[in-house]
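The values are calculated or read from the model by the stated rules, or taken from the named source; none is laboratory data. Only a predicted model underlies this, so the values are computations on that prediction, with no experimental measurement involved. FYI the Cβ positions are ideal-geometry reconstructions off the backbone, even for glycines, and counts take in every protein chain you see. Accessible surface is based on the protein model in full, side chains and every heavy atom, while ligands, DNA and RNA are left aside. Shrake-Rupley method; radii C 1.70, N 1.55, O 1.52, S 1.80 Å.
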Amino acid sequence: MKKITIAIDGYSSCGKSTMAKQLAKELGYVFVDSGAMYRAITLYCLQQGVDWHSEQALNMALTAIHLSFHWNDALQQSDIYLNDTDVSEAIRTMEVATKVSEIAALPAVRRFAVAQQQQMGQNKGIVMDGRDIGTVVFPDAELKIFVTASIEVRAQRRYDELKAKAPHISLEEVKKNLQARDYMDSTRSESPLRQADDVRLLDNSNMSRKEQLLLLLSWARKEMGLV
Ligand code: DC
């Protein structure tokens, strides 16, 4: 069967990773959450006190970072490891979220992450989500999707996700963080978030996960030559 590459880009907290993961599972494809890679790099910089404004310090940090994904059967998810440590939980804090857009905008960081992402996708059969997957990482992807949802819906989703771990967080704080990240991700000079020309738009503000998955599967099957 023809294997394809599926790129899913869009704003923060649109549910990109959830949909990418479900789609990959249905198709028997590899799933990669590229945002988790930028978050893990950010976590390393925060933990080690790296001065990322210094090119030399940043380059040294990048040579000490090894990122890998390992399948977790119990949780049915792919965990991200920073060197030998599972950081899947640690990268989801507000502390990381407030710094990640700044670090993800650095050219050396992008070169580092994009090279690894392209390697992961060299055999196709992959669903990757992020901000520049259809434009920079896999410009030849057969299926490119750009996801959006209203800021209210996105803030509520992220708030619901965070509040169990961080009860002091307010909905307004989460909304401000999302807006700030959207702004930084879309206006940076290196690989800004933008829609590729040959992209399919998906506004999931009022869609159930099931409706969304069925739509994605129909698009994927079309590109795979199955319908
Ligand atoms: O998808 P996410 O919210 O976990 O991504 C975290 C940050 O990483 C986001 O603010 C922008 C950045 N990012 C990026 O610049 N390029 C990607 N391909 C994925 C994420």
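Between a residue in region 1-23 that is within 20 Å of Lys175 (Cα to Cα) and touching a residue at least 40 places away in the same chain (Cβ under 8 Å) and any residue that is open to solvent by less than 10 Å² (accessible area, probe 1.4 Å) and part of a helix (DSSP H, G or I), which pairs come within a Cβ distance under 7 Å, given they are 6 or more apart or on different chains?
Matching pairs, first to second residue: Asp9/Ile133; Asp9/Gly134; Ser12/Leu178; Ser13/Leu178.
Against the definition (on the phi > 0 side of the Ramachandran plot, in a loop (DSSP other than H, G, I, E, B) and open to solvent by less than 40 Å² (accessible area, probe 1.4 Å)), how does Ser191 come out, yes or no?
Considered against the rule, which asks whether it is on the phi > 0 side of the Ramachandran plot, in a loop (DSSP other than H, G, I, E, B) and open to solvent by less than 40 Å² (accessible area, probe 1.4 Å), Ser191 comes out as yes.
For region 25-47, which positions are more than 14 Å from the ligand (Cβ to nearest atom) and among the charged types (D, E, K, R)?
Within region 25-47, Lys25, Glu26 meet the criteria.
Which residue pairs have Cβ atoms closer than 7 Å, lie 6 or more positions apart in sequence or on different chains, and pair a first residue in region 117-132 that is within 19 Å of Leu27 (Cα to Cα) and at pLDDT 95 or above with a second residue that is basic (Lys, Arg) and open to solvent by 10 Å² or more (accessible area, probe 1.4 Å)?
Correct list of pairs: Lys124/Lys3; Gly125/Lys3; Asp129/Lys16.
Using the structure shown, decide if Ala20 is within 14 Å of the chain's Cα centre (by Cα) and surrounded by 15 or more Cβ atoms within 10 Å (Cβ to Cβ).
Against the criterion (within 14 Å of the chain's Cα centre (by Cα) and surrounded by 15 or more Cβ atoms within 10 Å (Cβ to Cβ)), Ala20 qualifies.
Leu106: free of Cβ contacts under 8 Å to residues at least 60 places away in the same chain and either open to solvent by less than 60 Å² (accessible area, probe 1.4 Å) or within 11 Å of the ligand (Cβ to nearest atom) (or both), yes or no?
When the stated conditions are applied, Leu106 does not pass them.
Would you point out the residue of region 147-163, among those that are part of a loop (DSSP other than H, G, I, E, B) and free of Cβ contacts under 8 Å to residues at least 60 places away in the same chain, that is least open to solvent (accessible area, probe 1.4 Å)?
Ser150
Assuming Leu143 fulfils every condition listed in (1) more than 13 Å from the ligand (Cβ to nearest atom); (2) more than 22 Å from Gly28 (Cα to Cα); (3) crowded, with 16+ Cβ neighbours inside 10 Å apart from one, which condition is it?
Checking Leu143 against (1) more than 13 Å from the ligand (Cβ to nearest atom); (2) more than 22 Å from Gly28 (Cα to Cα); (3) crowded, with 16+ Cβ neighbours inside 10 Å, the one that fails is (2).
Quick one: in region 155-184, of everything that is modelled with pLDDT of 90 or more and acidic (Asp, Glu), which residue is farthest from the ligand (Cβ to nearest atom)?
Glu172
What number of residues within region 28-75 satisfy the criterion of being more than 21 Å from Glu102 (Cβ to Cβ), open to solvent by 60 Å² or more (accessible area, probe 1.4 Å) and either assigned to a loop (DSSP other than H, G, I, E, B) or hydrophobic (A, V, I, L, M, F, W, C) (or both)?
Residues meeting the conditions: 7.
Quick check on region 109-117. Is at least one of its residues aromatic (Phe, Trp, Tyr) and closer than 17 Å to Thr18 by Cα?
Looking for residues that are aromatic (Phe, Trp, Tyr) and closer than 17 Å to Thr18 by Cα, one finds none in region 109-117, hence no.
Which of the residues belonging to region 164-184 are outside any helix (DSSP H, G or I), under 19 Å from Arg39 (Cα atoms) and open to solvent by 20 Å² or more (accessible area, probe 1.4 Å)?
Lys165
Within region 79-103, count every residue that is buried (at least 18 other Cβ atoms within 10 Å of the Cβ) and hydroxyl-bearing (Ser, Thr, Tyr).
So the count comes out to 2.
Just name the residue that is nearest to Gly15 (Cα to Cα) out of those in region 110-136 that are within 12 Å of the ligand (Cβ to nearest atom) and assigned to a loop (DSSP other than H, G, I, E, B).
Arg131
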